[in-house]
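Engineer: One structure, as structure tokens, below. Some questions next.
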Amino acid sequence: MMRSSRTCVVVRSVAAVERGTVNVQRNENFAKLRAGYLFPEIARRRRAHQDANPDAKVISLGIGDTTEPLPQYIADAMAKAAAGMANREGYSGYGAEQGQGSLREALANTFYPNLRVPDEIFVSDGSKCDIARIQMMFGAKATVAVQDPSYPVYVDTSVMMGMTGEYNNAGFDNIVYMECKPENNFFPDLSKMPRTDIIFFCSPNNPTGAAATRAQLTELVNFAKKNGSILVFDAAYALYITNPDCPRSIFEIPGAEEVAIETCSFSKYAGFTGVRLGWTVVPKALKYADGTPVWNDWNRMMTTCFNGASNIVQAGGLACLQPEGYKEMISLIEFYKENATILLAAFKEMGFKVYGGNDAPYVWVGFPGKASWDVFAEILQKCDIVTTPGSGFGPAGEGFVRASAFGSRENILEAVRRFKVAFGK
Ligand code: MLT
């Protein structure tokens, strides 16, 4: 018996060596994913275009990556913290996995005056990473709904976790796609939506730029309450909201703390896309069916799978929330908002049906009857401009492209000039 099983292993190993593989089966969930993640795929196509057109001065309005230098007060705070690490007084090693107390308190005071509970705020290395950890916490059996279109990380991490079936033309089986189109004012018809355990909702939405109103968010919270679902509210662009009727946090809606988690980030606020700092709010009032506070499991998750955000970077986050840093951060947001206004006006002038841009750094441009990837290719070919194809955000994004307002003013104006030459009437 011993001998035969060992023989078997030896035989298999030889075969594996011949194949140049190991004997580990691939995680079948990864095989379900389509091509690469959206933004690296766009970067690949950009490189191919650049290789074919070496003289082209390509402008990226694709990935929402910040371009402007860090505000001085905020950069200085990080420089000081970094320099301090070289002496005994300033040095620190591991910190609390949940984040520094002073930063959690500043986040609570600045963004959550309704809650004002610092220990419900967990500081992290960014929302994208938190979303993946949130999925790990809920586990493979949880059912998921997303806005369609939406940030691809919600769906792709659901696929990786095994929460979905296979991909078919309408998206992944077992994911509820809540269609958000101009026809429904970018808010789903909740009366037609089935119950899911988790609902991902981003406002202002990436990619459409639509910000949900107080009435809509109240409807959403009531829907989650009625179904006993958990809302994962992504507020990564909330400070871009101008419309006073659109809340910047789900916790502005009474009762939301019993059904919602909120995730947010300094990436698009203070130019921290490369610096990395975000946070997630998990109210203690949010409880699983067995009465366990979700907070307990999130705390377990963060203390086990995360070692705390960089202490140097947390000094930068704290500076963002001090009066001088806050002023700088808001000016940076205003700058990108002006870019969005320029793009929005230009597309309108060219006669496009265009959305977003007022409460978000994204402009959502309609190309009815055309495939998004074809439009992406046409714009790249004619204008040397990278956009993001709407279909990359979900089936309801087909026929649209997203233009990002993150760019230097010079590039935004040059992009507008090129668009007008290629598409102007
Ligand atoms: C985007 O372009 O949608 C974002 O930059 C992606 C991200 O924040 O990860």
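Engineer: What list of ³J(HN,Hα) couplings, whole Hz, do you get for the stretch 91-104 from phi and the Karplus terms 6.51, -1.76, 1.60, once you set θ to phi - 60° and write x for glycine and proline?
Structural biologist: These are the phi-based 3J(HN,Hα) values: 6, 9, x, 4, x, 5, 4, 7, x, 5, x, 5, 6, 4 Hz.
Engineer: No solvent, one uniform scatterer per C-alpha: report log10 I(q)/I(0) for the stretch 154-250 via the Debye equation at q = 0.11, 0.20, 0.25 1/Å, two decimals.
Structural biologist: Per q value, in the given order, log10 I(q)/I(0) is -0.34, -1.10, -1.48.
Engineer: Also, I was wondering about something else. With a 1.4 Å probe and every protein chain left in place, work out the accessible area per residue of the stretch 254-382 in Å², rounded to a whole number.
Structural biologist: Heavy-atom accessible area per residue stands at 39 Å².
Engineer: Let me ask something additional. Can you work out D for the stretch 16-87 in µm² s⁻¹ from Stokes-Einstein, where Rh is the Kirkwood radius over C-alpha pairs, the temperature is 37 °C and the viscosity is 0.692 mPa s?
Structural biologist: Once the numbers are plugged in, D ends up at 185 µm²/s.
Engineer: Using a simple charge model, +1 on the beta-carbon of Lys and Arg, -1 on the beta-carbon of Asp and Glu, nothing else, what dipole does the chain show about its Cα centre, in debye to the nearest 20?
Structural biologist: Around 940 debye, computed over the chain.
Engineer: Hey, any idea what % of the chain's accessible area is carbon plus sulfur with a 1.4 Å probe?
Structural biologist: So the carbon and sulfur contribution to the accessible surface is 54 percent.
Engineer: Along each of its three principal axes, how wide is the spread of alpha-carbon positions in the stretch 189-332, in whole angstrom units, largest first?
Structural biologist: Principal axes ranked by extent give 44, 39, 24 Å for the Cα atoms.
Engineer: Got a sec? Charge dipole of the chain, +1 on Cβ for Lys and Arg, -1 for Asp and Glu; which of G228, Y154, Y73 is way out at the positive end?
Structural biologist: Of the options given, the answer is Y154.
Engineer: Could you tell me the extents of the chain's C-alpha atoms along the three principal axes, largest first, rounded to whole Å?
Structural biologist: Extents along the principal axes, in whole Å: 80, 54, 54.
Engineer: Cα centroids of the stretch 283-334 and the stretch 101-159: how far apart, whole angstrom?
Structural biologist: 9
Engineer: Follow-up question, since we're still on this one. Search the structure for amide H atoms under 5 Å from the amide H of D148, placed 1.01 Å from N in the peptide plane, and list their residues when 5 or more places away or on another chain.
Structural biologist: M178, E179, C180
Engineer: Can you return the aspartates and glutamates within cross-link range of K141? Criterion is Cα-Cα under 17 Å, with same-chain partners fewer than 8 residues away left out.
Structural biologist: Cα-Cα hits under 17 Å: E28, D156, E166, D173, D197, D290, D297.
Engineer: Same structure, new question: Helix-only mean residue ellipticity at 222 nm, the chain, DSSP H runs n ≥ 4 weighted -39,500 (n - 2.57), per residue, nearest 500. What is it?
Structural biologist: -13000 deg cm²/dmol
Engineer: Okay, moving on. How far apart, in nanometres, would the label points at A215 and N114 be if each is projected 7 angstrom from Cα along the Cα-to-Cβ direction?
Structural biologist: 1.8
Engineer: For the stretch 397-407, what does the Karplus curve 6.51 cos²θ - 1.76 cosθ + 1.60, with θ = phi - 60°, yield as ³J(HN,Hα) per residue in whole Hz, taken in order and with x for Gly and Pro?
Structural biologist: For the stretch 397-407, the Karplus curve yields x, 4, x, 10, 10, 9, 10, 8, 8, 7, x Hz.
Engineer: Shifting gears a bit: What residue among S150, S265, S191 has the largest mean-square fluctuation in a Gaussian network model of the chain, using Cα springs under 10 Å?
Structural biologist: S191
Engineer: Expected output is a single nm value to one decimal: the length gained when fully extending between D245 and F335, i.e. 0.36 nm times separation in residues minus the C-alpha distance. What is it?
Structural biologist: Extra length from D245 to F335 when fully extended: 30.2 nm.
Engineer: Among G95, Q135, G20, whose Cα projects farthest towards the positive end of the dipole of the chain, with charges put on the beta-carbon of Lys, Arg (+1) and Asp, Glu (-1)?
Structural biologist: Of the listed residues, the answer is G20.
Engineer: Taking 0.36 nm per residue of sequence separation and subtracting the Cα-Cα distance, how much length would be gained by fully extending the chain between K382 and K192, in nm to one decimal?
Structural biologist: Result for the pair: 64.3 nm of gain on full extension.
Engineer: Give the total of Lys-Lys pairs in the stretch 151-291 with Cα-Cα distances below 17 Å; include a pair only if its members are 8 or more places apart or on different chains.
Structural biologist: For the stretch 151-291, qualifying lysine pairs total 6.
Engineer: Set the Förster distance to 56 Å, then compute FRET efficiency between A289 and R47 from the Cβ-Cβ distance, nearest 0.05.
Structural biologist: 0.70
Engineer: Here's another thing I want to ask about it. Using a 1.4 angstrom probe, figure out how much accessible area the stretch 116-189 has per residue, in square angstrom, rounded to the nearest whole.
Structural biologist: 37
Engineer: Can you tell me the FRET efficiency between E258 and A96 if r is taken as the Cβ-Cβ distance and R0 is 30 Å, rounded to the nearest 0.05?
Structural biologist: Efficiency, from the Cβ-Cβ distance: 0.70.
Engineer: With springs connecting C-alpha atoms under 10 Å apart, model the chain as a Gaussian network and identify which of P54, P254, P113 has the largest mean-square fluctuation.
Structural biologist: P54
Engineer: Further question on the same structure: How about the stretch 82-134: which trypsin sites (Lys or Arg not before Pro) there lie in a loop by DSSP and see at most 15 other Cβ atoms within 10 Å?
Structural biologist: R88, R116
Engineer: Ok, one more. When 1/r is averaged over all different Cα pairs and the result inverted, which Kirkwood radius in Å belongs to the stretch 286-425?
Structural biologist: 18.1
Engineer: Taking only the Cα atoms of the stretch 287-351, how large is their convex hull per residue, in Å³?
Structural biologist: 187
Engineer: Tell me which residues come under 5 Å, amide H to amide H, from R276 once H is placed; ignore anything under 5 positions away on its chain.
Structural biologist: none
The values are calculated or read from the model by the stated rules, or taken from the named source; none is laboratory data. No experiment lies behind these values; they were computed from the predicted model shown. Neighbour counts run over all protein chains shown; Cβ positions are idealised from the backbone, glycine included. Note: accessible area is taken over every heavy atom of the protein model, side chains too, but ligands, DNA and RNA are not part of it. Shrake-Rupley method; radii C 1.70, N 1.55, O 1.52, S 1.80 Å.
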